[in-house]
1. What is chain C's relative contact order, in percent, from Cα pairs under 8 angstrom and six or more apart in sequence?
2. Where in chain C are the DSSP H helices whose alpha-carbon span along the long axis reaches 24 Å or more and whose Kyte-Doolittle mean is at least -0.5?
3. When a/c is below 1.5 the answer is rounded, else prolate if a/b is larger than b/c, else oblate, so apply that to chain A with a ≥ b ≥ c taken from the square roots of the Cα gyration tensor eigenvalues.
4. Roughly speaking, what is the centre-to-centre gap between segment B:227-259 and segment C:1-56 when only Cα atoms are used, to the nearest Å?
5. Taking Cα pairs under 8 Å and at least six residues apart, what relative contact order does segment C:9-101 come out at, in percent?
6. Using 5 Å bins from zero, what percent of all Cα-Cα pairs in segment B:97-171 falls into each bin?
7. Work out the charge dipole of chain B with +1 on the Cβ of Lys and Arg and -1 on the Cβ of Asp and Glu about the Cα centre, then indicate which of B:Pro57, B:Ala115, B:Pro20 is farthest towards its positive end.
8. Compute, for segment B:97-171, the length of the dipole vector about the Cα centre, with Cβ point charges of +1 (Lys, Arg) and -1 (Asp, Glu) only. Units Debye, rounded to 20.
Amino acid sequence: MRAAAWHDWLTAEAPGSARQARLAEAYRLLRAFARHRAGMTGLVIVLLLVAAAILAPLLARFSPSAQDLALRLKPPDAVHWLGTDELSRDIFSRLLYGARVTLGIVALVTAISAPLGLAIGCTAGYAGGILDAGLMRLTDVFLSLPRLILALALVAALGPGIGNAALAMALVAWPPYARVARAETLALRGSDFIAAARLAGASPARIVLRHIMPLCLASVIVRVSLDMAGVILIAAGLGFLGLGAQPPTPEWGAMIAAGRRYMLDQWWVAAMPGLAIAVASLGFNLLGDGLRDVLDPKQR
Amino acid sequence: MSAALLEIAELRLGFGGDRPFEALSGVGFTMGRERLGIVGESGSGKSLTGRSILRLPPPGAVMSARRLSFDGIDLLTAGEDALRALRGRRIGLVLQDPRFSLNPVMAVGRQIAEAYRAHGRAGAREAREKALAMLEAVRIREPGRVFDLYPHQISGGMGQRVMIAMMLAPGPDLLIADEPTSALDVTVAIDVLSILDEEVSRRGMGLVFISHDLDLVAGFCDRVLVMERGRIVESCEAAALESAEHPYTRRLLASRPRRRAS
Amino acid sequence: MIEASALTARFGATTAVDQVSFTVADGEAFGVVGESGSGKSTLLRVLAGLHEDWSGRLVVAGAARVAGRGGAMSGAVQMVFQDPYGSLHPRHSVDRALGEPLAIHRIGDAAARIAAALAAVGLERAQRFRYPHQLSGGQRQRVAIARALILEPKLVLLDEPTSALDVTVQAEILSLLRRLRRERGLTYVLVSHNLAIVAELCDRVAVMREGRFVEELSAAALAAGEARHPYTQELLRASRGYRRQR
């Protein structure tokens, strides 16, 4: 059977090539992760989220901006699974399209902040001295300001919109990653294998890029996935304040803002997007937990 | 032959999980109030044997035995309360690194005094006096000053002496020493060993000395057990070790670095 | 191969190496024996160029050393570390660990050299693509030795290379080190707390205590117990083992 043959190849005692060895390692990590129930739950939630975002046009029964004013503020029923909002748009469809916005922001923020934080942290940790002090003071400045407020200020300066909101959040998100990366780097810097690399003639750049960063990656990945919940919430917060996605683009936070007024009688208008945010945050949190347990180098 | 202090038969210890394996495969021996050395390399199971005597298997391990008794008390059927009464009071355990076995936030003298008080043997003042006496017995100079020091303020050798003092305070019948001098410098180790030697002799205790160092064990103990991969492969008098026949024992004997003849 | 005079190294506020002077000839095996805190490991790191806070005069492999931050190293001096679990990068396979020094110095024919290095230290070809956590302590140490030798250095520094290994494995690694030195004409500086190992592997031995060399003697003299300094005698006595009072 083919699956069994693959399994044997991937768990072979003596890998025959570098590629086989790398794939075997990845396979081992995947199997370890699969055993972690919380992590798998989180992964499933996140994958569903991604699927919802990608397949939104197929899954949504209505256009997110389609209005049929006779159906304002309708409770959930067979036609509108999660009801309609104050402008009579189908909430379920808006949630699906809103998932695109949310995931898009999360992806953009991560793509900017994680590499930035990793680079700054590893460089500061390995270089030491003035460079370290300087970069860390810069990090401290960013860390000392509350994230939402800073994001607000940046967006206010740059103007509202998804792109600016993502940029603002990325600028706010990188400091903890830099801290984490620097802490790991400091711990690794004195290791014998780093000394051996130096003796082999490796330049500092080579050591940081090929020896230290891969080892910091695990901690940063874990931190990033745990932070994603926070990013979602800040994006929702910005949206709530009208500074993120602009109408009529559906965005979960903005949907809550709009639904606030109707909370007592037509609770679903605000509660549904709120639930979506909660579930998405939970999914990323659980995923982060699973990754941390699997990638923790102390357990290897 | 003294009456049996410890009787073990068919001790097994296994780990489950992804790749189950048996760490101890039928270990058995009997000892009286004598010095028994257990020698082995990593993976031999010597430390696990020590822990099993105290019925403290590592998390995730399953222990079983046909017989495990201490001074007539059956440890296999004893309840947690009975075991707790035995551990510390009648069976002591000295581990390798005092940095990890001493409480870092309590002064060392107090920890020894605790050992007296915990087993209900003395009140506060009496415990303090006994602790000071123990510090002197383990040849720590200025016991009054050292009493108030914290573990991070004392050297490795002193820490190990404190450990011994703490473990001997309740007057146990059996002491299990797991690599007690491996983390110490050679000159310091000699001191600690002589203290151990003296105390064990004076109190007529049984001693289980676990180590990877064959020479050390042979010099210190009456009998030696050699373990390999979870089994006892050799059991003999310490003096007879040089003429041991098992191939693994011969390998251990041959691995000791020889000083080149001039 | 090595000429050191008035070598002093500091570790923050403490002076770890205090005015040490010695020479090591080409092809010689020089041992440094001391207990913890003697400064022997710091001395070795200064020789390797890994420790920057030192002063004095030092010439290694024909090149005069300058204290302070050096640039990239030439690869002529290599080191085998004590802890086999810490001296290999956990995410690099054996192949990568051995191939990297070659890649840095743009030495071609990597596959053949790696295979030759593995064979020289007694590792099978099957180990080539394994990761450190799949190897035993002895195997890792062999990889570390192979890595140290792959750039064909003249001087190899050994920091307690066998203390973290099982006794039977220790004997194998020591005999491997002896053989390699004979075959390649290497110069060794071995640091250890174990007199027996140092006496077995080295030609000459220095006894170090609190940053200073208290005595230098030949290994033969050490093995015969002919030490003059009282500290050396104490070490010799202690290393003979404990004799119990009966």
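All of the numbers you see were taken from the coordinates with simple rules; none came from a lab. Predicted, not measured: the structure shown is a model, and the values here were computed from it. Quick reminder, even Gly has a Cβ in these numbers, built from the backbone with ideal geometry, and neighbours come from all protein chains shown.
1. Numbers: 445 pairs, mean separation 65.5, N = 246.
The value is 27 percent.
2. Membrane-span-like by this rule: C:167-184.
3. Values: a/c = 3.14, a/b = 1.55, b/c = 2.02.
Oblate.
4. What the calculation gives is 38 Å, centre to centre.
5. Relative CO of segment C:9-101 lands at 20 percent.
6. In whole percents, the pair-distance histogram is 3, 20, 33, 26, 14, 3, 0.
7. Value computed over the given set: B:Ala115.
8. In total the dipole reaches around 60 debye.
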